[in-house]
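I have placed the structure first, in the form of structure tokens, so that the comments after it can refer back to it.
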Amino acid sequence: MRHVIIGCGAAAMAAAERLRVVKPEDDIIMISKDTDSHSRCMLHKYLGGERDERGIAFRGEDFFRKNQIMWAGGLMVEGVDTKAKEIALSSGGVQPYDKLLIASGAVYSVPPIPHFRTAKNVFGFRDLSDAQKIREEIRRKQAKQVFIVGSGLVGLDVAYALLELGIKVTVAEMADRILPLQTDAVSAKAYQELFEKAGASFRLGIGASDSLVNEENEITHVILSNGEQIPCDFVVAAAGVRPNIEFLRDSGLAAERALTVDEYLRTSAEDVYAAGDVTGLSGIWPNAMDQGRVAAMNMAGMPVAYTDRFCIKNTINFFGLTMLSVGAVEPVGEDCQVVVRESRDTYKKAILKDGRLLGIQLQGDISGSGIWQYLIKNKIHLTEILKTKDIFHVSYADFYGMDETGEYVYKVK
Ligand SMILES: Cc1cc2nc3c(=O)[nH]c(=O)nc-3n(C[C@H](O)[C@H](O)[C@H](O)COP(=O)(O)OP(=O)(O)OC[C@H]3O[C@@H](n4cnc5c(N)ncnc54)[C@H](O)[C@@H]3O)c2cc1C
């Protein structure tokens, strides 16, 4: 049996690893545009010069050899023929498969601002190759100032790395605060102040609407919707990603914004599976790996459903200030109860509705944080416990006891 995997990111590597365990005799072939398998979560460390290419790898150098996987890096898949059961390669050849996994991730979007999609100096930040291009641009231009569109985790990763290199950054964000998906006004402000102390400048509640280019077709100024002109050596677009399905458009595979999959991560074609960001089910690393493992089991003929679609969990750390954000960051609809505790070093906020936790933010001390995702995901009813206990002191001990085998068991409904 020949398993072919498109990609060498989180989902693809986890799938290959699992396949090798459950199908020791099968052929596994991986094909990726990436020339190095690396962690995107650590890309900023490469950009900031803290680590080299090998330092952001998440599997050892001998991963492919040790697992007897044939890997072709730096090769693009250009299409999938699900009838002939083969994929077309940028080399001009084809690769037949018995089972195929598409784990092609996501691609960054460049907003439709004049010149942004055509100028030579607008970069995304998704792959190691993006970080390499930015490093080369910094060197070539002796860059001193950079404009970043978007203040989500990716935009701030870039800002952090550039600040470490002594480059001034201006970040524009359409929302009224930075990290709008993970923070509220208070926790966002704490990060904003740390970034500003390090030399960043923010424009919040405002978008870029135009730009000026020089004769080299490079953006020299970004113009904001209030008319302000911001000079820059180059621009980084960090305003969102979309599932990477463009190369599959003639494949006949069912897709909307993302590749359509059922609970077994099967696409609409027989023997073709998908996992990770390309499915649009999640946009975070651990979920991509989980999906890769589930897809692998199904490719191996051992049916497993992917049921864990809860993905709204973020752990953040900038300038040593850590934060855990799970679920809603603001009240959702009527009748929410909001509990806030603030001390000198810690900000805690819980949002509850009908006795159940909808969201939690812990900034500063995030110890004992495993419980929150569990409570939110499983919609655990807390009314009884909260009669005697502060929400922030709820722990696993309130729900479980040990059984005779030493396993935790459910205690309270
Ligand atoms: C800067 C940054 C920071 C992040 N930080 C975090 C974080 O702190 N925590 C977190 O949980 N998540 C984080 N994420 C998100 C996380 O990295 C993704 O959810 C995860 O990488 C998704 O894994 P994937 O395998 O689906 O896709 P990817 O990891 O993107 O892998 C896609 C693979 O497909 C290959 N590929 C694509 N198209 C083709 C083609 N046509 N032919 C051949 N190969 C192809 C690529 O080369 C790549 O190997 C971050 C993402 C970025 C960009």
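What does the C-alpha gyration tensor say about the overall shape of the range 69-141? Classify as rounded when a/c is under 1.5, otherwise prolate if a/b is larger than b/c, or oblate.
prolate
If you keep only loop residues by DSSP, which GluC sites (Glu not before Pro) in the range 194-295 have at most 16 other Cβ atoms within 10 Å of their Cβ?
215, 216, 228, 256, 263, 270
Could you state how much accessible area residue 118 has, in square angstrom rounded to the nearest 10, with a 1.4 Å probe and all protein chains kept in place?
Its heavy atoms expose roughly 100 Å² to the probe.
Based only on Cα atoms, what mean projected area does the convex hull of the chain have, in nm²?
The number I arrive at for the chain is 23.6 nm².
What distance in nm lies between label points placed 7 Å from Cα along the C-beta direction at residue 223 and residue 94?
The modelled label-to-label distance comes out at 5.2 nm.
Please give the length that would be gained between residue 353 and residue 335 if that part of the chain were fully extended, namely 0.36 nm times their separation in residues minus their C-alpha to C-alpha distance (nm, one decimal).
Between residue 353 and residue 335, full extension yields 5.8 nm more.
Checking a compactness column here: for the range 1-154, what do you get for Rg(Cα) / (2.2 N^0.38 Å), N being the number of residues?
1.20
Please work out the Kirkwood hydrodynamic radius for the range 220-294, using every pair of different C-alpha atoms, and report it in angstroms with one decimal place.
14.9
Carbon and sulfur together cover what percent of the accessible area of the chain at a 1.4 Å probe radius?
The computed percentage sits at 49.
Are there any helices in the chain, counted as whole DSSP H runs, that stretch 30 Å or more along their axis by Cα and score at least -1.0 on average by Kyte-Doolittle, and if so which? Can you show the working numbers first?
Details: long enough: none.
What comes out of the filter, once short or polar helices are dropped, is none.
Which order do the peptides 162-172, 37-47, 85-95 take when ranked by the mean count of other beta-carbon atoms within 10 Å per residue, highest first?
37-47, 162-172, 85-95
Ignoring ligands, DNA and RNA, what accessible area per residue does the chain give at 1.4 Å, in Å²?
Averaged over the residues of the chain, the accessible area is 47 Å².
Under 25 °C and 0.890 mPa s, how fast does the range 122-239 diffuse according to Stokes-Einstein, given a Kirkwood radius computed over C-alpha pairs? Answer in µm²/s, whole number.
Approximately 171 µm²/s, per Stokes-Einstein.
Probe radius 1.4 Å, ligands and nucleic acids left out: which of 30, 289, 70 has the largest accessible area, and how do the rest follow?
I get 70, 289, 30, largest accessible area first.
The values are calculated or read from the model by the stated rules, or taken from the named source; none is laboratory data. Everything quoted here is computed from the prediction, not taken from an experiment. For neighbour counting, all protein chains shown are included, and Cβ atoms are generated from backbone atoms with ideal geometry for every residue, glycine included. With ligands, DNA and RNA removed, areas are computed over all heavy atoms of the protein, side chains included. Shrake-Rupley method; radii C 1.70, N 1.55, O 1.52, S 1.80 Å.
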